[in-house]
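Computed from the coordinates by the stated procedures, all read-outs in this text should not be read as laboratory data. Just so it is clear, the structure is predicted and the values come from calculations on it, not from any experiment. FYI the Cβ positions are ideal-geometry reconstructions off the backbone, even for glycines, and counts take in every protein chain you see.
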Amino acid sequence: MQNFDVIVIGAGPGGYVAAIRSAQLGLKTAIIEREYLGGVCLNVGCIPSKAMIAATHHLHRAQHDFKEMGIMISGPIEVDMKQLLKWKNSVCEKMSGGVSQLLKGNKVEIIRGEAEFKSAKEIIVKTTGGSQSYQSKYFIIATGSRPIEIPGFKLDEKDILSSTGALALDHIPKHIAVIGGGYIGLEISSYLRKLGTEVTVIEAQGQLLAGVVDPDCAQVVARKLEKSGVKVLYGAKAKGQSKSGSKYDVTIEMGGKDQTITVDKILVTVGRRPNGDQAQLRAAGIQVDERGFVKVDAQRRTNVSNIFAIGDIAGQPMLAHKASHEGVMVAEIIGGANRAYDAKMVPAVVFTDPEIASAGLTETEAKAKGYASLKVGKFPFAANGRAVSMMETEGFVKIIADAKTNIVLGVHIVGPEASNLISEAALAIEMGARLEDLALTIHPHPTLGETMMEAAEAALGHAIHIIQRPLNQSPVGNPRA
Amino acid sequence: MATIEVKLPELGEGVAEGELVRWLVKPGDLVKPDQSVAELMTDKATVEVPTPYAGIVKETLFKPGQVIKVEQVLLTLESSAQGATSQGAGPHGSTVSETTSVATTSAFQGGVHPPAKASGKGGSSGTSVPMGATGASSSGVYPPVAESKVLATPATRRLAREIGVDINEISGTGLAGRVTRDDVMASGGGLTSGSGLVKGTSNSEVGVAVPSKIAPGAVFGGAFVGGEERVAIVGIRKKIAQNMQMAKSIIPHFTLMDEADVTELVNMRESLKAVAEKNKTKITYLPFVMKALIATIREFPMFNASIDDQAQEIVYKKYFNLGFAADTPSGLVVPVIKQADQKSILQLSREILDLSIRARDGKLKLDEMRGATITITNIGSVGGTYATPIINHPEVAILGMYKISEKPVIKNGQLAAQKVMNFTITADHRLIDGAVAANFMKAFLSRIQNPNLLMVEMY
C-alpha cells in the first residue's frame, strides 16, 4: 500500500491549490479526483460561465452599441451555438490541462476515482477497474458542493437543468424558466437573454440577489435585466411542472394564486449544498452538521486531528477564492507553520450585466457590528471619463467607512469591470486603510479605478467630479481634530 | 434542563488569569459540586479548579495552553433547573448565570459560534467546533480576527500567529489603534526560534516563529522524516521561560564566587542528626545557610530589597522570606519560607521538607510560591562547582550553594584535608556594587565557617 504525507480529496480550486502547496513544502502528496481536475469551478462553473458571458457581451455590443459608435455591420449578426460551445469547452480544457501540468510538475500523484475513508489514516479509491487503498498522515477534504434540487423538478440536465446542464446547451432555448434569482441564476439569465432566449425568473423573495449583495447594487442589475426583457416574478414559488409535447408547463404560485407558464427549458438555481452528507466521510468519524458542512475550527481542522476540510464543504461563503486561501493555509499548517484563518473579508463578485462586486460590510452589517456612525461615499460611473468612453456608464462605487476613524469597512461596486476593481478595495480593508489612504493614492487617468478614489473623497465630503451638498466642506481639516 | 455557565473563580489575591493545563472532565461527564474540573497554571502554581455546581458537562470552552481570565466562562453544564441554583455562590466564589440555551443562529449568516462568543472573540466563516469537546488538538489557536475589530495588516496578523501571541490582546500603537509589526514583536519578543515552515520559506523576515503548536509529528524535516518533535510551550515551562527572559533582560547580573571551610558546619550538623531524628525530621545544610544568609542581609539590607522600576525607588524589606529553588518533574519551582528569621533550625527543616515534597507532587499553593525577598539555589546537591544563576525578579540577589568536598589545603605550612563548600552570590548590579558584594560574601562566609556565630546572632 502506498503511503503519503498528505492526501487531498477533490481537485477543485481548494484541493489542487492545497496539493501544490503541500508538495512545495516537501510533503509527499497525492490528490484524488473522481471527475475533472479543476473541479466545478474550472469545468462547469466559474470559468465556462465567464466564457459565455464574455461572448454574449460582445454580441450585445455589436447589436446595440456599434451603430452609435459608427461601426456598421451589414446583415444580421448570428450566433453559431455549436462553435460557441466548442470555444467555451476549449477554454475549460486549457484551464483543466494547466492544473494537470502544475500538479505533475510539482510531483503530486494524481489518483482518479471515488474516495471513501476506511479509517482516519486510510482511504479507498474506487474506479471502474477495482479499488485501491492508500495511507496518509494527513488528509484534506475538498469535495465541494452540488446544486440543490427542489421537489417536483428532478434534474435531467437535458430539459430540467442545473447550471451544469445550462452551460452545456448546444442550442439557444426559446423560453427558459429560471427558478431562483441568485447569482448563478442571474448570470445565466443575462447571457441567455443576450442570445435571444425569453427568460422568466421565479424569485421567492421580493428582490433579486437577496442577502447576497448590497441592495442598491442589486437594484441596478434588476432594472437593467428587466429593461433587456427578462421577466422577474417576485414573491413567486415554482410548485411543479408537467411535460406537454416538447414543452413544459410550470405552475407558479404568486400572491396565493396559481399561474402557468409554458417553457422549453427549466433552470433550477436555488443554491448549492455542501457534500459533507456523503457516506465517504463516515468511517473516519468526521463530524458533519445538519446542513452538510464538515465541522472545522479556525485552522480548518475537523474533529479528527489529522484531517482538515476546506472550501465549500467547510462553510460559507462557498466561493473558489476562499477555498484556495484555505488550501494554502492548511498545507502550511501540515508543514508545521502556525496559521489560522484570519481574513477580514472574502470579496464576492457577480457577473451580471453590469457586474456587482463587494468587499467587506454593507451598511446594515456595519451597524449590526456596532459601528454607530458611518460615512458613505458614492461615485457614479457616469462621471468617470473612461466609463463614458467605453459607453458603459451604469452603476457606481460605494464606500462605507467608520465615521470615527475613517477606516474603510466595505466597498460595493456595480458597474463595468466591478470584478477587477474590487481587489483594490479588498486590499484596503485588509490593510485597515482609511478613506484618506484611498483618496491620497494617485490613481491613473483615465481609468475606471479613479472611481474608487473619488468615492473615498465623496465619503469625506469633497469629491471633485460630482457636486456634493453641503458645499464648502473643507478638505483642509484640522489634523488634530 | 438548563444550561449553567461555570466561571473561573478568584484564584488568589492579585491573580487575574491562569493558563489551562488540562481538562479533568470531558463533555458528557457527570460532575458533583466541588469536583475539580480543570488544572490551571497561575504564576508558578498549578491549581485545580472546582465546579460549585452539579451537572453534566456540556462544553469545555478553552483548550490547553489558552489563558483564562477570572470570571470568564470555563465550561457549561447541563442541569435540571433546581440543581442549577443549589448552594448559592459556593465556597470558591464562583458565579453562575443561567442562559436560555445558547443562541442557535447559523454560523453562516455572519453569526458566531457559541464557543467563540463565550471567549469574546470572533467566529470564523467556517463551521466551528468546540475542539475541547472532541479532543482534537490544535492548542493555542485563538479565533480568527474576522469578527473582532483588531486593525492590523494581513502580514502582521500572520506574524502574530507565528510567534504565538494573540493579536486581540495587543494594544496597537499605530494610527487609530492599529497593531503594528513592532507592537507584535514587542509583545512576543521572548520565545523565538527558527521559522515555522519546514522548507521553502520565501519570507525570511518571518523567521521568528516559536516552535509550532501543532501536535508532535507535524514536521517532516528535510533530511530525517520524523527526526524532530515539536511540543507546545505550556504550563510551568512557559512560566519559567517568561520569568527567566524577563529577569535576564531587566537585571544586569554579576556573580561573585568563593569557597568556605565548612569543617565546623559539617561537625555541627552531624552532632544534631540525633536531635533531628528524635523530632522526626531531617536536617540538611540549607537551614544553616538560611540562618547565615539572614544574619548577613541584616548587615547588608540592599540584598533584601527590590527595585520599583516604575517609581524609580528602592524598596528595602524589613521581613525575611526565603525562596529556595526546587527541581520537580515538570520544572523549576521556588517555594518560599515566610518569615524565616522567626523560625528555628528545626522548624525550617520541617518546612523545607514539606514544601519540597509538595513541590515535587505539584501540590503547592500559589501563596507558597510568592513573596520571597531573596532566593537560595542549592544546585550543588546535584553537581557542579559553580553556577551563575538568574535572579528571581523583582528580588535583587540569589545565593548559590554547591556540594561539599574534601580538599587538600595548606594550613600552618602543613598539608591538611579540609571540608570545603563553594558559594556564589549573584546580584543586581544596578543596586549592588562589586565591592559591596565582596564584603557581603566575606561576612556571609565568616558565619558559615564559624557556625557558633549564628548562636550569637539568633533572635
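Quick look at the numbers
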| item | result |
| --- | --- |
| Sequence ranges A:462-470, B:51-59, ranked by mean other-Cβ count within 10 angstrom, highest first | B:51-59, A:462-470 |
| Shielding of A:285-298 by partner chains, average beta-carbon count, 10 Å | 5 |
| Estimated dipole of the stretch B:251-457 in Debye, rounded to 20 [Cβ of Lys and Arg +1, of Asp and Glu -1, Cα centre] | 700 |
| Percentage relative contact order, chain A, counting C-alpha pairs under 8 Å, at least six apart | 14 |
| The stretch A:160-270, relative contact order in percent, only Cα pairs under 8 angstrom and at least six apart counted | 36 |
| Residue mean of other protein chain beta carbons inside 10 Å, A:1-11 | 0 |
| Unsatisfied cross-links (Cα-Cα over 30 Å) in the set B:Lys282/B:Lys363; B:Lys238/B:Lys338; A:Lys118/B:Lys32; A:Lys86/A:Lys194; B:Lys58/B:Lys363 | A:Lys118/B:Lys32 |
| Sorted peptide list for B:414-424, B:292-302, criterion being average Cβ within 10 angstrom, highest first | B:292-302, B:414-424 |
| Footprinting exposure proxy for A:Arg272, A:Arg291 (fewest neighbouring C-beta atoms within 10 Å first) | A:Arg291, A:Arg272 |
| Lys, Arg +1 and Asp, Glu -1 on Cβ, resulting dipole of the stretch A:118-180 about Cα centre, debye, nearest 20 | 360 |
| Counted charge near A:Ala204, where neighbours are those whose Cβ lies closer than 12 Å (Asp, Glu -1; Lys, Arg +1) | 0 |
| Exposure proxy order (Cβ contacts within 10 Å, fewest to most) of A:Ile73, A:Ile110 | A:Ile73, A:Ile110 |
| Leading residue at positive end of dipole, chain A (Cβ point charges), from A:Leu233, A:Leu361, A:Thr127 | A:Thr127 |
| Whole-angstrom gap from the stretch B:308-326 to the stretch B:419-459, using each part's C-alpha centre | 18 |
| Prolate/oblate/rounded label for the stretch B:251-457 (Cα gyration tensor, a/c 1.5) | oblate |
| Average Cα contact separation per residue, the stretch A:133-210, under 8 Å, 6 or more apart, as relative contact order % | 24 |
| Distance between modelled label sites at B:Gln342 and B:Met455, nm, 7 Å Cα→Cβ extension | 2.6 |
| The stretch A:199-273 and the stretch B:28-57: distance between their alpha carbon centers, rounded to Å | 57 |
| Farthest positive-ward along the stretch B:264-407 dipole, Cα basis, beta-carbon charges - from B:Leu399, B:Leu364, B:Asn321 | B:Leu364 |
| Ranking of A:Leu440, B:Leu159, B:Leu332 by count of other Cβ atoms within 10 Å, fewest first | A:Leu440, B:Leu332, B:Leu159 |
| Shape category assigned to the stretch A:160-270 from the gyration tensor of Cα positions, a/c cut at 1.5 | oblate |
| Assigned charges on the beta-carbon of Lys, Arg, Asp, Glu; the protein assembly as shown dipole about Cα centre (debye) | 1200 |
| Between the stretch A:115-180 and the stretch A:317-357, the Cα center-to-center distance that results, in Å | 22 |
| Where trypsin sites (Lys or Arg not before Pro) fall in DSSP loop in the stretch B:351-412, at most 12 other Cβ within 10 Å | B:Lys365 |
| Partner chain coverage, peptide B:167-175 - average Cβ within 10 angstrom | 1 |
